[in-house]
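Here is the structure we will look at.
Since every read-out is calculated from the coordinates, none of them should be taken as a lab result. Since the model is a prediction, treat every value here as computed from it, not as a measurement. A quick note on method: Cβ atoms are made from the backbone with ideal geometry, for glycine too, and the neighbour counts reach across all protein chains shown.
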Amino acid sequence: MVIRRVLAPRIDFGALRRELGLPETYPEVAQREADEAAAAPPAPAVDHTDIPLVTVDPPGSRDLDQAMHLSRRAGGYRVRYAIADVAAHVRPGGALEDETWRRGQTVYLPDGNVPLHPRSLGEGAASLLPDVDRAAVLWTIDLDADGGTSAVVVQRALVRSRAQLAYPQVQADAEAGRLPEPIALLPEIGALLTARGLRRGAVNLPIPEQDVEADGDGWRLVLRAPVPMEEHNAQISLLTGMVAADLMLAGGIGLLRTMPAPKPEAVQRLRAAAAPLGVHWPDDVGVGELLLRLDPGQPRAAAFIDQAAELMRSAAYTSFDGEPPEQPAHGGVAAAYAHVTAPLRRLADRYATEVCLALHDGRAVPDWARAALPRLPAVMAATDRAASAASRGAIDLAEAVLLAHRVGETFDAAVVDVDAPSNGKTRTRPPGGTVALDDPPVRARCLGELPLGTRVRVRLVAADPATRSVAFELA
């Protein structure tokens, strides 16, 4: 659901690309390897093109990693989740593999992405586009009536997606009760898996996303709240990641996505912030369940959600070969979890998936995958930072361009974060925090004594596209 849109003038994101050192092209030999792989796609021995899979993604997506089909079975459900088989297209030790290690993941910018793989693969022969046969890793996960996993099969297979669906239409179809058969059970299964997650102590942050979208000769700055079908879809990916992590832990080798559980004192600080923000938090309600009840479009709820984000820090990739890691769980998922569902966009998933295939079949993990595991955490951490910097930098630039001619004006805003107290020490900077404007949908630093979760008037004191900075003060 689009909450607010504001038109911004033409913006050049080239300087941001250059600053982050994002590559513009592929080395000739890597591109040639990709084109040759695309021209001679693999043909898995197992044919599952009879399964009427569909993809569900943001509108206009071409790098389609996942396709699903959901059905009932005696005593529960069957989830069939096809993931693009990137390892079947990328030769270990080749120039293309080397280039994907340099990139690490796809970086998304408003004027076009910087893909992990050449488009002939990532948006072509390896992508699960509709009405064409594709090599995939097919996860078949049987669930009992309560959503618990009862059986798992993972295998290479030939698949064929029947349709490319987009979130806005899927949400409309869900509300009208006319979801297509392959995903008709998605709201039911998604809600069941969400409930299981809440009972484990999982935490989901429904933070509205800021995006910059092309609009003719200009750009839109967009603030979106996630729609329910996005969360249901995410639950299928989380389910697969948890199943993959269990396979790895049982097999004694793998690559997990880990994060410490929220510390009790951090939860207590969050609970203390609830009442001043007008958020009712019953004693018997966990953080995850409370967040699920809040409307992120309401300023005070948004401020509370922003504070809750402090619980979700220090996510990392953790590899192991032999003894499992001392702390294997992901605090946000409240379970062991692995990234295996986005190999077109994320390097780590290719290798983690190969480990799962080998463990499931009872055979040795290929040397090329085993050797990659200890190297992946550092590479993924570096590319995570680059991707985050690109996303934040694009939004900062759009905000600065949008507001450059409005310095001195005042705006209505909500206080969504405040600087930590000084604890009796001398302040190192003036008091302040973060405010979210109603119109345009901008979040920026503001100086002044700001009461968390309140409505205030703020004055724009700086908007500089050259430094991508915007600043306000309490009016």
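Dipole magnitude for the stretch 82-234: about 420 debye, using +1 per Lys or Arg Cβ and -1 per Asp or Glu Cβ, origin at the Cα centre.
Among HIS360, PRO431, LEU249, which residue has its Cα furthest toward the positive end of the charge dipole of the chain, with +1 on Lys/Arg Cβ and -1 on Asp/Glu Cβ? Of the listed residues, the answer is PRO431. For the stretch 216-321, trypsin sites (Lys or Arg not before Pro) are listed when DSSP marks them as loop and at most 15 other Cβ atoms sit within 10 Å of their Cβ; the list is ARG313. Placing unit charges on each Cβ (+1 for Lys and Arg, -1 for Asp and Glu) gives the stretch 1-131 a dipole about its Cα centre, and among GLY76, GLY112, ALA95 the Cα reaching farthest toward its positive end belongs to GLY76.
Taking 1.306 mPa s as the viscosity and 10 °C as the temperature, the Stokes-Einstein diffusion coefficient of the stretch 173-268 based on its alpha-carbon Kirkwood radius rounds to 95 µm²/s.
How high is the relative contact order of the stretch 243-333, in percent, with contacts defined as C-alpha pairs under 8 Å that are six or more residues apart? That works out to 51 percent.
Among the GluC sites (Glu not before Pro) within the stretch 249-329, those in coil by DSSP and having at most 13 neighbouring Cβ atoms inside 10 Å are GLU326.
Taking the inverse of the mean reciprocal distance over all distinct Cα pairs, the Kirkwood hydrodynamic radius of the chain comes to 23.9 Å. Mind checking the log10 I(q)/I(0) for the stretch 231-341 at q = 0.15, 0.17, 0.22 Å⁻¹? Debye, one equal scatterer per Cα, no solvent, two decimals. Treating every Cα as an identical point scatterer, log10 I(q)/I(0) equals -0.73, -0.86, -1.13.
As a rough guide to protection, the peptides 173-181, 440-448, 346-354, 380-388 ranked by mean Cβ packing within 10 Å, highest first, stand as 346-354, 440-448, 380-388, 173-181. For the stretch 407-474, rounded, prolate or oblate, judged on the Cα gyration tensor with a ≥ b ≥ c (square roots of eigenvalues), a/c < 1.5 rounded, else prolate if a/b > b/c? Oblate shape, in that a/c is at least 1.5 and b/c is the bigger or equal ratio.
Orientation-averaged projection of the stretch 48-170 equals 9.1 nm² [convex hull of Cα atoms, one quarter of hull surface area].
The GluC sites (Glu not before Pro) of the stretch 30-110 include none that meets both criteria, a DSSP state outside H, G, I, E and B (loop) and at most 12 other C-beta atoms within 10 angstrom of the site's C-beta. Select from PRO440, LEU474, PHE411 the residue farthest towards the positive end of the dipole of the stretch 407-474; place +1 on Cβ of Lys and Arg, -1 on Cβ of Asp and Glu, and compute about the Cα centre. Positive-end residue among those listed: LEU474.
Three principal axis extents describe the C-alpha atoms of the stretch 372-414; from largest down they are 53, 21, 9 Å. Between ALA266 and ALA389, residue separation times 0.36 nm minus the direct Cα-Cα distance comes to 41.7 nm.
Evaluated with a Cβ-only charge set (Lys, Arg +1; Asp, Glu -1), the chain carries a dipole of roughly 840 debye about its Cα centre, given to the nearest 20. Just so you know, the Cα atoms of the stretch 297-416 work out to an Rg and Dmax of 20.5, 67 Å. For the stretch 407-474, the Cβ-based charge dipole about the Cα centre amounts to some 300 debye (Lys, Arg positive; Asp, Glu negative; other atoms uncharged).
Between the stretch 236-300 and the stretch 102-176, how far is it from one alpha carbon centroid to the other, in angstrom? What the calculation gives is 25 Å, centre to centre.
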